[in-house]
Amino acid sequence: MPSRKPKAAPPTLVLYVRHGTTPTTGRILPGRAPGLDLAEDGRVQARSVGEKLAALAKVDVVYASPLARARQTAALIAEQLGQEVHTEKGLLECDFGEWTGAELKELMKRPEWQTVQRWPSGWRFPGGESFAEMQARMSGACESFRVGHPGGTVVAVSHADPIKAAVAEAMGLHLDLFQRVVIAPCSVTAITYSATGPAVLAVNALATELKLQ
């Protein structure tokens, strides 16, 4: 008798959440600098996301980037879901090296800023990480979620650039186009991963408008 093909694992739904607003959001490039906590508005945003997700889906696990602002966001979401928070280094913010902590308005005046925006695949932050390395690290985390939680729903709290890179990879976009994706604080991006590839369900959705059907 012909052998049966192994049954494919059911798809995994990953809900990427950018951390909530901090006191420096939109002004400073914080990177991996320690000691940056959520602002009160960010805490309100995170609770709202948790309430919405609790009403929409059964979440199996909550992961977070090791940085405080991501772990705090994840904790407020997990509280609404009855889950604990697990740290995943793959979700970590890009290492901006010597640019860490700089004011965005000053960085935008540098000629290198145009490379960051228009040719990110060819850029490495001085003393830090390249966008390509960041995307590869994020891709590894995505694969671990798919393999480790088949058929499950995963909440993954990360940062804007890593989530943008995950969206670009899932849509088959070149990394040089990833800056065209917008990821707002505490927005939700939903991607399913299966053995045959990813499918993007929602990008940059607010908690009030998120639908998973």
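The values are calculated or read from the model by the stated rules, or taken from the named source; none is laboratory data. Keep in mind that what you see is a predicted model, and the values were worked out from it rather than measured. Ideal geometry is used to build each Cβ from the backbone, glycine not excepted, and the neighbour counts take in all protein chains shown.
Miscellaneous remarks
- Residues located in segment 187-208, provided they are modelled with pLDDT of 95 or more, in a strand (DSSP E or B), small (Gly, Ala, Ser) and in contact with a helix residue (DSSP H, G or I) (Cβ under 9 Å, 6 or more places away or on another chain): Ala199
- Breaking point among (1) at pLDDT 95 or above; (2) within 24 Å of Arg124 (Cα to Cα); (3) not in a helix (DSSP H, G or I), for Pro34: (1)
- Between Val147, Val155, the distinction of being of a type in the set (Val, Ile, Thr) and under 27 Å from Thr21 (Cβ atoms) belongs to Val155 only.
- Some residue of segment 37-52 being more than 24 Å from Gly152 (Cα to Cα), among the small types (Gly, Ala, Ser) and part of a loop (DSSP other than H, G, I, E, B): yes
- Test: residue in segment 47-60 that is crowded, with 18+ Cβ neighbours inside 10 Å, out of contact with any helix residue (DSSP H, G or I) (no Cβ under 8 Å at 6 or more places or on another chain), under 17 Å from Ser187 (Cα atoms) and not hydroxyl-bearing (Ser, Thr, Tyr): yes
- Candidates Glu98, Glu93, Glu40, filtered to the one that is of a type in the set (Asp, Glu), out of contact with any helix residue (DSSP H, G or I) (no Cβ under 8 Å at 6 or more places or on another chain) and either at pLDDT below 95 or within 23 Å of Gly127 (Cβ to Cβ) (or both): Glu98
- In segment 187-204, the residues that are over 17 Å from Leu53 (Cβ atoms) and either in contact with a His (Cβ under 8 Å, 6 or more places away or on another chain) or crowded, with 20+ Cβ neighbours inside 10 Å (or both): Tyr193, Pro198
- Of Lys105, Lys58, all but one fail to be out of contact with any His (no Cβ under 6 Å at 6 or more places or on another chain), over 22 Å from Lys164 (Cα atoms), touching a residue at least 60 places away in the same chain (Cβ under 8 Å) and not hydrophobic (A, V, I, L, M, F, W, C); the exception is Lys58.
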